[in-house]
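The values are calculated or read from the model by the stated rules, or taken from the named source; none is laboratory data. Keep in mind it's a predicted model, so treat the numbers as computed, not measured. Every residue, glycine as well, gets a Cβ built from its backbone with ideal geometry; the counts of neighbours run over all protein chains shown.
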């Protein structure tokens, strides 16, 4: 396992991504569900402002490591497993989670539980993708 190998970097980034996803699922979203209606606008705005840079810090290196690994080890099964999991997480964020967050910023309180449920389902998909990505990265180094 060379520190300069793309699979090594993919393993590190995939592990960080899974840690992030688990934290969001176990801590962040449950805390958001507990926010009182009168405090919601400010709490959601702060969450969105704080989480966006973290998503960038994780997703940009994840996509780069996946692309680098795909170019360096295109015939490895772990590469394609990692790509599938990483793509699932990134696409789910862009297509499902981000739009739901956008709607959560402005909907009436009565609609919030349904949207938070949709966000939780999207987060489960992202977390599964992160697990699959990490398994692929581990297989590359096994």
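Numbers at a glance
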quantity: Condition broken by residue 37, with the remaining ones in (1) surrounded by fewer than 14 Cβ atoms within 10 Å (Cβ to Cβ); (2) closer than 30 Å to residue 110 by Cβ; (3) at pLDDT 95 or above satisfied; calculated: (3)
quantity: Any hit, region 102-116, residues being closer than 24 Å to residue 10 by Cα and assigned to a helix (DSSP H, G or I); calculated: no
quantity: Single condition residue 17 does not satisfy, out of (1) under 18 Å from residue 117 (Cβ atoms); (2) surrounded by 14 or more Cβ atoms within 10 Å (Cβ to Cβ); calculated: (1)
quantity: Inter-residue pairs, beta-carbon under 9 Å, first surrounded by fewer than 18 Cβ atoms within 10 Å (Cβ to Cβ) and in region 121-141, second outside any helix (DSSP H, G or I), 6+ apart; calculated: 139/76; 141/1; 141/5
quantity: Verdict on residue 67 being assigned to a helix (DSSP H, G or I), surrounded by fewer than 18 Cβ atoms within 10 Å (Cβ to Cβ) and in contact (Cβ under 8 Å) with a residue 12 or more places away in the chain; calculated: no
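Residue-wise test of (1) in a helix (DSSP H, G or I); (2) closer than 23 Å to residue 112 by Cα; (3) touching a residue at least 60 places away in the same chain (Cβ under 8 Å).
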| position | (1), (2), (3) |
| --- | --- |
| 22 | yes, yes, yes |
| 25 | yes, yes, yes |
| 31 | yes, yes, no |
| 47 | yes, yes, no |
| 59 | yes, no, no |
